[in-house]
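Everything below concerns the one structure shown next.
The values are calculated or read from the model by the stated rules, or taken from the named source; none is laboratory data. These numbers were taken from a predicted model, which means no experiment stands behind them. So basically every Cβ, Gly included, is an ideal-geometry build from the backbone, and we count neighbours across all protein chains shown. We work out accessible area using only protein heavy atoms, side chains counted, and drop any ligands, DNA or RNA first. Shrake-Rupley method; radii C 1.70, N 1.55, O 1.52, S 1.80 Å.
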Amino acid sequence: MSFYVTTPIYYVNAQPHLGHAYTTIGADILARHHRQRGEDVFFLTGTDEHGEPVARAAEAEGVTPRELADRNAARFRALMPQIDVTNDFFIRTSDPEHGRLVQEVMQRIHDNGHTYKALYEGWYCPKCADFKTEAEIAAGNTCPIHGIPLEWESEENWFFRLSTFQEPLERLYAERPDFVMPETRFNEAHSFIRSGLQDVSLSRAKLSWGVPVPWEPEHVFYVWFDALLNYYTALGYARPGEDLRDRFWPATFHIIGKDILKFHTVFWPAMLMAADLPLPEHVFVHGYLLMRERAESDGQPEGELRKMSKSLGNVLDPFEIIENFGADALRYYCFREVSFGQDGAVSVDGFAARYETELANDYGNLASRTLAMVERYRGGVVPEAELDPEVTKDFDDLAADVASLLDRAELTQALERIWQRVRRLNRYVEERAPWQQAKDEAQAGDLDRTLATLVEGLRVVTVLLHPYLPASTTTLLAALGQERTDYEAARLGAGGSGARVSALAPLFPKLGAPTRTRG
Ligand code: MSP
């Protein structure tokens, strides 16, 4: 079974921020989970380097588009190991192989009769690199996303006959209610289609930073056509001498933010249909991470919640968070604080609170206590005992639940299910009070059972948390003397007894404690 997951490719006219890290970590959690299930996984991320926004940003800095692209693509590439992301390839749309494959697919679309040449006139946002329809123009003729004035553009260029895909797209949405997830985003895309599709411009005559149109080489492709195709072209050259398209196309999941819904849920399936290519299984659309803007300037006690973005200057720096708290804590916080799929606010205070109460206390303390008790009462060897049915009944459906939630990319809900068990184990410690059991020789069997159950429960939640917290779970499993991280191991009883545990430094040291080196 193959599983192919992608992130949007990020514009190189900005530097990486938490918003980019967020989507990429989300995709990484899915990739890691499917690897646990033994599937053949391919995980793609990368950078979107062509087009007007990049050309303009380069001009403003007095460098060539390629120089700007090289510099910022390197920053996005460097982000990946820092957030512990395990992408199998990093695509750059300036890769010559990508360009050639874009030309091949677009030529097929052209040969299939889905293009024509005409004059284009309309309101254009240079930051979106998108012409706006009537309904998408905000007050004062501005862009509803960037708030900047739109520009009147007029040029002869090539068009894609999107309008002829109205009916096939409506059929797609009627037949596949899980093509776009969650449901609210499906409805949004569906109603956009039903409101009537207009043809879209596919080439730009005034620009040279892009992939040349093979049948009109003075034009380059409009950046979105070039960009969307990355999901397909990457498979053609990611492994030299190997064509991965048979193995991984169509993609299982495109993970995107809601800002680029229209491109992925309307243009993209239409383009694929026009090129006679199979459609992806699912597009999962997540919401925005929002941050409260600094309010000193307007004298208000609290600022307004805004989408984090470079132009708004309210960016939470992922590099800083990682340095102070570790990548696992960042990965955890993003998906715990904001329900994946919805918008939600993130803040430094919220981060610190969850770090302390959940990672350090709920999970970190459970781990330290459990290991310390096995050490103290049983010489560091996990006792052999029947597991306590009081706990096993609460773990029965856990692994299956998590897998079925993650099949729908419900990252927050799956994490919540796991965390309920972390809390269950903490309650179990209080209920059984092993330190009392240890005082009474007659309760030796009970203590064995308590400790065996605790270790086994802790091991199971740790295997399931592995995609979310790859570094600390690896450390903890090693301390438990049981290193398996595959999905089959996420079952109570799969661990067996007799393991030798070892001491463990706090997984999530309390704030203010001296920082340790993280592996
Ligand atoms: N280059 C296009 C995408 C082309 S895909 C074929 C683009 N790039 S972008 O750099 O602007 O990245 C947009 C994506 O970054 C969003 O869809 C989302 O995945 C992520 N995010 C950027 N800011 C974000 C938040 N504040 N919150 C959540 N996600 C954020 O659009």
### Query
Which helices (runs of 4 or more DSSP H) does region 422-495 wholly contain that include 3 or more residues that are touching a Leu at 6+ places or on another chain (Cβ under 7 Å) and more than 15 Å from residue 33 (Cα to Cα)?
444-465, 470-479
### Query
When region 411-447 is examined, which residues are found to be open to solvent by 40 Å² or more (accessible area, probe 1.4 Å) and under 24 Å from the mean Cα position of the chain (by Cα)?
413, 416, 417, 420
### Message
Being touching a strand residue (DSSP E or B) at 6+ places or on another chain (Cβ under 7 Å), open to solvent by 10 Å² or more (accessible area, probe 1.4 Å) and within 9 Å of the ligand (Cβ to nearest atom) is the filter here; which residues of region 17-40 pass it?
### Response
19, 20
### Summary
Restricting region 100-126 to residues that are open to solvent by 30 Å² or more (accessible area, probe 1.4 Å) and of a type in the set (S, T, N, Q), the one nearest to the chain's Cα centre (by Cα) turns out to be 103
### Query
Do you know which residues across region 143-189 are among the hydroxyl-bearing types (Ser, Thr, Tyr) and within 23 Å of the chain's Cα centre (by Cα)?
184
#### Entry: Inter-residue pairs, beta-carbon under 9 Å, first in contact (Cβ under 8 Å) with a residue 40 or more places away in the chain and assigned to a loop (DSSP other than H, G, I, E, B) and in region 132-153, second open to solvent by less than 40 Å² (accessible area, probe 1.4 Å) and of a type in the set (A, V, I, L, M), 6+ apart
145/138
## Note on the structure
Picked from region 281-337 (must be more than 16 Å from the ligand (Cβ to nearest atom) and hydroxyl-bearing (Ser, Thr, Tyr)), the residue modelled with the lowest pLDDT is 297
### Query
When both residues are 6+ apart or on different chains and their Cβ atoms are under 6 Å apart, which pairs have a first residue that lies in region 221-239 and is more than 17 Å from residue 45 (Cβ to Cβ), and a second that is within 11 Å of the ligand (Cβ to nearest atom) and part of a helix (DSSP H, G or I)?
224/263
### Query
What number of residues within region 332-370 are open to solvent by less than 10 Å² (accessible area, probe 1.4 Å), within 15 Å of residue 462 (Cα to Cα) and not aromatic (Phe, Trp, Tyr)?
6
### Query
Does residue 17 satisfy being over 20 Å from residue 283 (Cα atoms) and in contact with a Gly (Cβ under 6 Å, 6 or more places away or on another chain)?
no
### Query
Looking at residue 183, is it open to solvent by 60 Å² or more (accessible area, probe 1.4 Å), assigned by TED's automatic domain parsing to the domain that holds residue 272 and free of Cβ contacts under 8 Å to residues at least 40 places away in the same chain?
yes
#### Entry: Every residue from region 237-263 that is within 16 Å of the ligand (Cβ to nearest atom), in a helix (DSSP H, G or I) and of a type outside the set (Val, Ile, Thr)
258, 259, 261, 262, 263
### Query
In this structure, does residue 129 turn out to be touching a strand residue (DSSP E or B) at 6+ places or on another chain (Cβ under 6 Å) and open to solvent by less than 30 Å² (accessible area, probe 1.4 Å)?
no
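Residue-wise test of (1) open to solvent by less than 10 Å² (accessible area, probe 1.4 Å); (2) of a type in the set (D, E, K, R); (3) within 19 Å of the chain's Cα centre (by Cα); (4) more than 16 Å from the ligand (Cβ to nearest atom).
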| position | (1), (2), (3), (4) |
| --- | --- |
| 3 | yes, no, yes, yes |
| 12 | yes, no, yes, no |
| 42 | yes, no, yes, yes |
| 57 | no, no, no, no |
| 63 | no, no, no, yes |
| 76 | yes, no, yes, no |
| 98 | yes, no, no, no |
